[in-house]
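Note sheet for the following structure.
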Amino acid sequence: MSGQKTANPPASPGGKVEPGETPRATAARELMEETGLRGELLPVPAAVSVRSYRADRSPTLGLSYTAVIGRDVPFGGESGQPPAWIDLDDTWESAFPEDRDRIRAHVRRLAAGHGVGAH
């Protein structure tokens, strides 16, 4: 399952690194701010990307981390963008459709006990 904000299209929690903050600490902070969930992030990024989120902006380096959290843990987070669990077998819209298959493959590796970065 993927905990995602129910924006249109759905979006994973994310944001900018604050001065003095590591990317991993940013991921944990954004997860908490946007979903109300606290989780221990796995130590290695699950994905790295360089993409432009808007035509009028320069490309951005993105690091995605994984946190394993029980589905029964209640959400909190920002008003106006309520978080929800999205089943990975469901189809969902994305600004970057290739991410669906990458997320599914990553979860399969974790479920098989191969960990982050395993092939």
Go over the candidates G20, G14 one by one and state the one that is more than 21 Å from A84 (Cα to Cα) and either over 15 Å from the mean Cα position of the chain (by Cα) or of a type outside the set (A, V, I, L, M, F, W, C) (or both).
-> G20
Taking V44, is it among the β-branched types (V, I, T), modelled with pLDDT of 85 or more and over 16 Å from P13 (Cα atoms)?
-> yes
Among the residues of region 61-94, which ones are of a type in the set (G, A, S) and surrounded by fewer than 10 Cβ atoms within 10 Å (Cβ to Cβ)?
-> G70, S79, G80
Flag for G113 being assigned to a loop (DSSP other than H, G, I, E, B), on the phi > 0 side of the Ramachandran plot and touching a helix residue (DSSP H, G or I) at 6+ places or on another chain (Cβ under 6 Å) | no
Determine whether region 74-82 contains at least one residue that is under 27 Å from H114 (Cβ atoms) and either modelled with pLDDT of 90 or more or not aliphatic (A, V, I, L, M) (or both).
-> no
Cross-chain or 6+ apart pairs with Cβ under 6 Å, region 23-43 first and assigned to a helix (DSSP H, G or I), then β-branched (V, I, T) = P23/V17; T26/V17
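Go through region 106-117 and give me each residue that's surrounded by 13 or more Cβ atoms within 10 Å (Cβ to Cβ) and without any contact (Cβ under 8 Å) to a residue 12 or more places away in the chain. Break it down stepwise before answering.
In the first step, residues of region 106-117 are kept if they are surrounded by 13 or more Cβ atoms within 10 Å (Cβ to Cβ); the result is 106-107, 109-110, 116.
Selection gives R109 alone.
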Exactly one condition in (1) under 16 Å from the mean Cα position of the chain (by Cα); (2) at pLDDT 85 or above; (3) of a type in the set (S, T, Y) is not met by S58; state its number.
-> (1)
Kindly list, by first and then second residue, each pair from a residue in region 74-91 that is on the phi > 0 side of the Ramachandran plot to a residue that is basic (K, R), limited to pairs with Cβ atoms under 9 Å and residues at least 6 apart or on different chains.
-> G77/K5
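The values are calculated or read from the model by the stated rules, or taken from the named source; none is laboratory data. Quick caveat: nothing in here was measured; it's all calculated off a predicted structure. FYI the Cβ positions are ideal-geometry reconstructions off the backbone, even for glycines, and counts take in every protein chain you see.
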